[in-house]
Amino acid sequence: MSEKTLAIIKPDAVKKRVIGKIMSRIEDEGFSIHELRMRSLTKEDAEGFYAVHRDKIFFSDLTDFMSSGPIVTMVLERENAIKHWRAVMGATNPAEAAPGTIRRNYGFSIERNATHGSDAPETAAFEIDHFSKK
Ligand code: ATP
Ligand code: MG
């Protein structure tokens with residue numbers, strides 16, 4: 001059954017000029033791409049998007065980073081999209097991500113880790129809705 005997830009190419013990957021390489025990988029993995037858009041988040045936008053992490057020690061740094069430059073947001077669709085996109089991205093910390101994953105290839109640190117992906121059907125629905133409104 002087809003499923004949708006929200007993917008982001010984060011500011012570090014945009015600055016590194018690897019949008020094309022990441023998009024190419026997404027297509028090679030069989031995802032259909034919807035609602036593709038480049039945008040810049042304000043600090044408040046980033047805080048709203050990452051509200052689940054509000055109490056974490058890294059929240060302020062994370063939202064500074066996510067509002068530090070343009071990002072690319074998109075909805076990805078395929079069978080098992082949520083889990084598949086997280087597998088293609090690899091572990092949150094690029095140093096622990098498996099060879100060949102996007103975070104291993106293009107991530108720099110646990111914060112500057114190139115891409116985002118929803119982690120469950122409920123968060124995917126929230127995140128898709130969050131960006132389709134603005
Ligand atoms: P994402 O939600 O961005 O796809 P994730 O689901 O793998 O990543 P989360 O636990 O949801 O990881 O953390 C959200 C983001 O917060 C991470 O992608 C990373 O950029 C940042 N982050 C997570 N843990 C840390 C940490 N210990 N220190 C600094 N930043 C962190
Ligand atoms: Mg997450």
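Tabulated data for the structure shown
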read-out: Distance (nanometres) between label positions extended 7 Å along Cα→Cβ at SER2 and ILE33; value: 1.7
read-out: Placed amide H near ALA97: partners under 5 Å, 5+ positions off or other chain; value: ALA91
read-out: Under the Karplus curve 6.51 cos²θ - 1.76 cosθ + 1.60, θ = phi - 60°, whole-Hz ³J(HN,Hα) for region 32-44, x wherever Gly or Pro sits; value: 8, 9, 10, 6, 5, 7, 9, 7, 10, 8, 6, 4, 5
read-out: Dipole magnitude of region 2-132 about its Cα centre (Cβ charges: Lys, Arg +1; Asp, Glu -1), debye to nearest 20; value: 560
read-out: Portion, in percent, of the accessible area of region 1-45 that falls on carbon or sulfur, probe 1.4 Å; value: 51
read-out: Near-label residues of region 1-34 by backbone N, under 18 Å of a point 7 Å along Cα→Cβ of SER109; value: 10-16
read-out: Rounded, prolate or oblate (a/c below 1.5 giving rounded, otherwise prolate when a/b exceeds b/c) for the chain by Cα gyration tensor; value: rounded
read-out: Cα gyration tensor shape of region 67-134, rounded if a/c is under 1.5, else prolate or oblate by comparing a/b with b/c; value: oblate
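The values are calculated or read from the model by the stated rules, or taken from the named source; none is laboratory data. None of the values given here were measured: they were computed from a predicted structure. Here the Cβ is made from the backbone with ideal geometry for all residues, glycine too, and neighbour counts use every protein chain on show. Heads up: the accessible areas ignore ligands, DNA and RNA and are worked out on the full protein's heavy atoms, side chains in. Shrake-Rupley method; radii C 1.70, N 1.55, O 1.52, S 1.80 Å.
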